[in-house]
Amino acid sequence: MGNFVWMVAAAAAVASWAFIAVVVKLVWRPRAISRRLRAQAVGGPGYRFFSGNLGEIRRLRAEGAGVVLDVSSHDFVPIVQPHFRKWVSLYGKTFLFWFGAQPNICLADINIVRQVLSDRTGMYPKDLTNPYFAHLLGKGLVLIDGDEWKRHYKVVHPAFDMDKLKMMTVTISDCTGSMMSEWDSELGMKGGSAEIELSQQFQELTADVISRTAFGSSYSEGKQVFLAQRKLQFLAFSMFLTIQIPGFRYLPTKKNLKIWSLDKKVRSMLRNIIKIRLANKDTMGYGNDLLGLMLETCAPEHDESQQLSMDEIIAECKTFFFGGHDTTSHLLTWTMFLLSTHPEWMRKIRKEVTTMCGDEVPTGDMLNKMNLLNMFLLETLRLYSPVSLISRRTGTNAKFGGIKVPEGTILRIPIATIHRDKEVWGEDADEFKPARFENGVSKAAKHPNALLSFSNGPRSCIGQNFAMIEAKAVITMILQRFSFTLSPKYVHTPISVITLRPKYGLPMILRSLKSSNMILCLLPNGVSKEAKNPNALLSFSSGPRSCIGQNFAMLEAKAEAVF
C-alpha cells in the first residue's frame, strides 16, 4: 500500500512539473519576452497560444499563391514573403513574431544585419530549429559553427582557390556544349526554332557540372543523388511552417520514414564514391576535383587536426551537391528570363561576348573581363536571389541595434525585402538596372554590404566564385550560338522552395544564330536581283497583303547577327 501511495505521489509530482513546464514555455515565457521587447520599442503581430503567428503566415501565403505578375514586375515578395511585407509596413524593419512558442525577430535593417553577419565571436550561430535541413545539406560548412566550422573550412577552402576554379571552366564548357548540342538537334528537327523548358535543363546541367567538378562523375552517374536530394529538398521545405515538437523527428511517421530512406540512399551513394577513390589513390591519386582535393588535405600524412571523418566528408559532399547545383541553376534561369525581357542588354552583352571570345570556348581569364555580364548577373542576384531568407540564432543573450534579445531567439534576415529597400538602393530599387553595379558591389547602394545573395561576413558562401564563373561560362556560350525569346506560355510566378524558382518553369523559344546569319548572307545582291522573277522570295508573302511585320523580323535578325 505504501509503495502504491508513493507511486501515485510521484506521478502527481511529474504531472505537476510537466504542467508547469508547459505553462512556462507556452504562456509565461512568450508574454515575458513580448513585454521586454515592447519596452524597447520592438513591436510585432502578437503571440497566439501554441501556434504563435503560423496561422496568419499560412493565410497570407495562401492568398499570395494565386498571384501572377507581369513580366516587367520583379516584386514577388507578396508571393514568397507576404508576412514580411505586411509586418514591416506595420511595425518597422525590426519586429518580433512567433513560430509556435519560438521567438523570431525580423532584421530588415541593413546596419543591424551587417552587425550580425560580421560577428566573429560565435554569438550568432546557424539556425538548426528545422532538423530536416541537416538531412538535405549535411552538417558541413553551411550548418556547423565554432571550432568545427574552422576545421572544416581549412579542409574545404583550398578546393575553391581561384586558379583551380578557372581550370574547372573547361569542365563547365564541356557540360554546356553537350546541352547545347541537344538543343541544336531539336532545333534541326523543328525547322530551326523550338520551345525548350530551360529551368529543368539548367537543373540537369548544373547537376552534371557539380557531379564532374566535385566527384569526377557525369550527370548520368550522379543522377540518383540529384533526384534524391531534390525530393529531400521538397520534404524539408514542407516542414518549414510547422511547429517543431521535441522528439517528433524521431517518430516513424510516413514523412520521417521517407526522409530517412532518402538520406540513407544519398549517404550510401556518396560513401561508395569516396571508398572507390580511396581504394585507387595509390595508382590514380586522389583526383583534381573538389572531392580529390578534400581527400588529399585529409590524408593521414598531413596535419591530424585538419582530418575529417568519413561522415564529415559525406556531409561536405551533400553540401557541395545541393549548394553547387540548385542555387546556380536558378541563377541561370532568372538570368535568361531577364535577358529575354531586356533585349537591349542582351545585345550589349552579346557584343561583349563577341569582342572577348569570338567563337572560342570562354576561358576563366576571358570571363573575368566581361564587365557588362558581371553587372547583369549581380542585378539578377539582387532581384532574384536564389535564397530569399537567411536565419541565425542568438547563442547567448545578445544586444544589437540598441536592442537586448534573449538567448535562443531566431533572427530572420529577409533578403528579398532588403534588396528592394528604397532607403538602401534608391527610388529605382524595384527596377532592373544592372548599371547600378558599374562601380562594383560596394558602391551599388548606399550601404557597402547591401547585396546579401551570398550572405556576408566571415560566413559568406564559400562557393560564390564558383557559381559566378559557372553562370558566366554558360550564359556566354548560349549567347554565342542562340537567340531566344520568352514563350507566350510563360507565367511569371516566382515561388520559394528553399530556393527561388519559376512556379511553372521557363519555356523559351530558341533559334540558332547560324540560321539568322544565313538570312543575311544568302542574298548579297538583294531580293529582286537574286532570281529571274523579282518577286520569287515569298517568305513574307508578296503584294499588298504581305506580312506587316517583315521589317521588324529582319531588323531583329540583323541585330542578332551583328551582336
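All of the numbers you see were taken from the coordinates with simple rules; none came from a lab. Every value quoted in this text rests on a predicted model; they were computed, and no experiment measured them. With ideal geometry, Cβ positions are generated from the backbone for all residues, glycine too; neighbour counts draw on all protein chains shown.
Structure notes:
- Over 28 Å (Cα to Cα) - which of LYS318/LYS404; LYS231/LYS399; LYS231/LYS348; LYS318/LYS503 fall in this group: LYS318/LYS404; LYS231/LYS399; LYS231/LYS348
- Average Cα contact separation per residue, region 96-167, under 8 Å, 6 or more apart, as relative contact order %: 16
- Selected from ILE403, GLN307, GLY323, residue furthest toward positive end of dipole (the chain; charges at beta carbon): ILE403
- Taking the Cα atoms of the chain, the ratio Rg/Rh between the radius of gyration and the Kirkwood radius comes to 1.04.
- For region 390-432, chymotrypsin sites (Phe, Trp or Tyr not before Pro) meeting the loop criterion (DSSP other than H, G, I, E, B) and having at most 14 other Cβ atoms within 10 Å: none.
- Furthest towards positive pole of dipole, GLY140, ALA62, THR499, structure part the chain, Cβ charges: ALA62
- Local net charge near LEU372, Cβ-Cβ under 15 Å (Lys/Arg +1, Asp/Glu -1): +4
- On the principal axes of its alpha carbon atoms, region 156-309 extends 58, 46, 26 Å, with the longest extent given first.
- Where labels lie 7 Å past Cα in the beta-carbon direction, separation of SER72 and ALA32 in nm: 5.5
- Average Cα contact separation per residue, the chain, under 8 Å, 6 or more apart, as relative contact order %: 21
- The packing ranking, built from the mean of other Cβ atoms within 10 Å per residue, places the peptides 355-361, 317-323 in the order 317-323, 355-361, highest first.
- Vicinal HN-Hα couplings computed from phi for region 77-90 (Karplus, 6.51 cos²θ - 1.76 cosθ + 1.60; Hz; Gly/Pro x): 4, x, 8, 8, 10, x, 5, 5, 4, 5, 6, 4, 5, 8
- Highest mean packing first, where packing is the average number of other Cβ atoms within 10 Å per residue, the peptides 68-79, 287-298 line up as 287-298, 68-79.
- Straight Cα distances below 14 angstrom link LYS164 to the aspartates and glutamates ASP289, ASP365, GLU470, with same-chain residues fewer than 8 positions distant left out.
- In Hz, Karplus ³J(HN,Hα) per residue of region 359-376 (6.51, -1.76, 1.60; θ = phi - 60°; x = Gly, Pro): 9, 6, 5, x, 9, x, 5, 4, 5, 5, 8, 8, 5, 5, 5, 5, 4, 5
- ALA194 long-range amide H proximity, modeled H, under 5 Å: LEU510
- Counting all C-alpha pairs of region 1-68, share separated by more than 17 Å (%): 64
- ³J(HN,Hα) computed for each position of region 485-498 - Karplus, 6.51 cos²θ - 1.76 cosθ + 1.60, integer Hz, glycine/proline x: 9, 5, 5, x, 7, 5, 10, 7, 9, x, 9, 10, 10, 6
- Whole-Å semi-axes of the ellipsoid equivalent to region 1-126 (Cα gyration tensor, √5λ, descending): 40, 20, 14
- Helix axis angle, 464-481 relative to the chain longest principal axis, alpha carbon, degrees: 20
- For the pair GLN244 and GLU438, label points projected 7 Å from Cα toward Cβ lie 4.6 nm apart.
- Between LEU411 and ILE105, ARG392, ARG393, THR394, the built amide H atoms are under 5 Å apart, and every one of these is 5 or more places off in sequence or on another chain.
- Applying both filters, DSSP loop and at most 14 other Cβ atoms within 10 Å, to the trypsin sites (Lys or Arg not before Pro) of region 428-476 gives LYS446.
- Annotation: lysines with alpha-carbon distance below 16 angstrom to LYS126 (same-chain offsets under eight excluded): LYS139, LYS150.
- Averaging the sequence gap over all C-alpha pairs within less than 8 Å and six or more residues apart, then dividing by the number of residues, gives region 120-208 a relative contact order of 18 percent.
- The fewest-to-most ranking of ARG36, ARG59, ARG114 by surrounding Cβ atoms within 10 Å reads ARG59, ARG36, ARG114.
- Whole-number Å³ per residue for the convex hull built on Cα positions in region 35-74: 88
- Nearest-0.05 FRET efficiency for LEU227 and LYS254, computed from C-beta distance (R0 22 Å): 0.65
- A straight Cα-to-Cα reach below 19 Å connects LYS86 with the lysines LYS422, residues fewer than 8 places away in its own chain not being considered.
- Computed about the Cα centre, the dipole magnitude for the chain is approximately 1980 debye when only Lys and Arg (+1) and Asp and Glu (-1) carry charge, each at its Cβ.
- With a cut-off of 12 Å on the backbone N, the residues of region 453-491 near the modelled label site 7 Å out from THR354 along Cα-Cβ are 480-481.
- Across the options VAL387, ASN53, TRP6, the greatest Cα extent toward the positive end of the charge dipole of the chain (unit charges at beta carbon of Lys, Arg, Asp, Glu) belongs to TRP6.
- Amide H contacts for GLY46 (H built 1.01 Å from N in the peptide plane; partners 5 or more residues away or on another chain; cut-off under 5 Å): none found.
- All other residues whose Cβ lies under 11 angstrom from that of VAL497 are scored, Lys and Arg at +1 and Asp and Glu at -1, for a net of +2.
- Taking a Cβ cut-off of under 13 Å around ASP145, the surrounding Lys, Arg, Asp and Glu residues balance to a net charge of +4, with basic ones at +1 and acidic ones at -1.
- For peptides 247-254, 80-87, 324-331, sequence by mean Cβ density within 10 Å, most packed first: 324-331, 80-87, 247-254
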